[in-house]
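A short worksheet on the structure shown next.
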Amino acid sequence: MADSIFRTLRDGALEGELAPTLTIKDTIASPFSIHAFSHILLQLSSHFATQKSHTGIVIVAISRSPSFYTDLLKKNGLELASSNKWIHVLDCYTDPLGWKSGNVNVPSEGTSLDVTSYKSVKDMDRLFLATTDLGRGLVGENKSRFCVAIDSISELLRHASLQSVAGLLSNLRSHDKISSIFGLVHSDLHDERAAAALEYMSSMVASIEPGHHSSENSLSEKNFTQGKFNVRLKRRNGRVRVMCEKFKVEAGGISFASVSAEDGITVAGLLPKVQFNLQLSEKEQIDRAKVVLPFEHQGNGNPIQIYDGRKSLEESNSEGAPLPKGGKKEESSLGEIIYFRDSDDEMPDSDEDPDDDLDI
């Protein structure tokens, strides 16, 4: 599933479409969105660094310093000597409000990436222009496009209104030079209105949840190392696909694994909640097998006799049940259907049931 997200972000949108947007959500119970964000960033960076695609990536660094991304790329074996051709960092972390040195850029220490300082994180219009200008510098004026990674949309919501942040994301999605966007959100820091707005603007929403629910007085250690990675993906045809994987955070990063059949609780959580059972119990299956279907011939051990329509009314009466004592046939309260053939020239099979010869 993480690979399918990577392919969607790598390939981007078709011409005339909005850029695919991934929102990674986490909570205080499972704060691993930065690990998932870094995993996707490394996959895209490895692809761009090998020059398989004439594109790049712009990182809007708000919650992490540029040196964090330098160490992340170096640790995973990426060569940064030519990184200015495929990656650029917009530093909104060092001096987000421009308090340190006025209009003079503050150099970022401990980084070999191409970094541009940004000092007005409250202004979403200027942030949009700064991001798109850096992207154009990476891909030039040809038809190539670039990806935008925002490491914390929650930090943007601290400095600007929801309407301004939503306007920034909308402008980025509709920009003709941007192929895809992804960012992370700490959902328990915002109200439902903000979370719903961000999900509405995203074509992919990934929710990070703890794998084991524990009580307030007894916290499981597994909650802080592993959990569930749920993704809701909106397709081009309007359909929504829901996927789930397990993740585990280790010293080398985050790893994903498919959900096995033993994880019944996880699989059941993806099914729609209905007021009836979707599966039959063993007793219900036995009872269903005992039901007599209306089209089955039930002989009960006796020869099966099927009226073929050729016998006359007299023959039918003579082969009926014996008359009761007194010689008179009691009148029955049940109705009768008496069939008269049109003529003796009628074809033999014209008045037969074509399925009577089948042993159903």
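The values are calculated or read from the model by the stated rules, or taken from the named source; none is laboratory data. Note that this is a predicted model, so its numbers are computed, not measured. As a convention, Cβ positions derive from the backbone with ideal geometry for all residues, glycine included, and neighbour counts pool all protein chains shown. Note: accessible area is taken over every heavy atom of the protein model, side chains too, but ligands, DNA and RNA are not part of it. Shrake-Rupley method; radii C 1.70, N 1.55, O 1.52, S 1.80 Å.
Using the Cβ-Cβ distance between ASP71 and THR50 with R0 set to 25 Å, the FRET efficiency works out to roughly 0.75.
If R0 is 35 Å, the Cβ-Cβ spacing of VAL240 and GLU79 corresponds to a FRET efficiency of close to 0.30.
For the range 1-71, the normalised intensity computed at q = 0.15, 0.21, 0.24 Å⁻¹ comes to -0.60, -1.11, -1.33 (log10 of I(q)/I(0), Debye sum over alpha carbons, equal scatterers, no solvent). If you take the beta carbon distance between SER164 and SER258 as r and set R0 to 45 Å, what does 1/(1 + (r/R0)^6) give as a FRET efficiency, to the nearest 0.05? Here the calculated transfer efficiency is 0.70.
Given a 1.4 Å probe and the protein chains as shown, LEU9 ends up with an accessible area of around 0 Å². Dimensions of the range 83-196 along the principal axes, based on C-alpha atoms and rounded to the nearest Å, stand at 40, 37, 22, largest first. Label separation (LYS100 vs GLU336): 10.7 nm, computed from points 7 Å beyond Cα along the C-beta direction.
Each label point was placed 7 Å from the Cα along the Cα-to-Cβ direction; for LEU189 and GLU284 their separation is 4.6 nm.
Where does each of 134-140, 188-194 land if you order them by average Cβ count within 10 Å, highest first?
134-140, 188-194
Accessible area per residue (1.4 Å probe, heavy atoms of protein chains only) ranks HIS39, HIS175 as HIS39, HIS175, with the largest value leading. Extension gain for ASP125-THR27 works out to 32.4 nm (0.36 nm per residue, less the C-alpha to C-alpha distance). Inter-label distance, ASN142 to LYS248: 4.3 nm, where each label sits 7 Å from its Cα along the C-beta direction.
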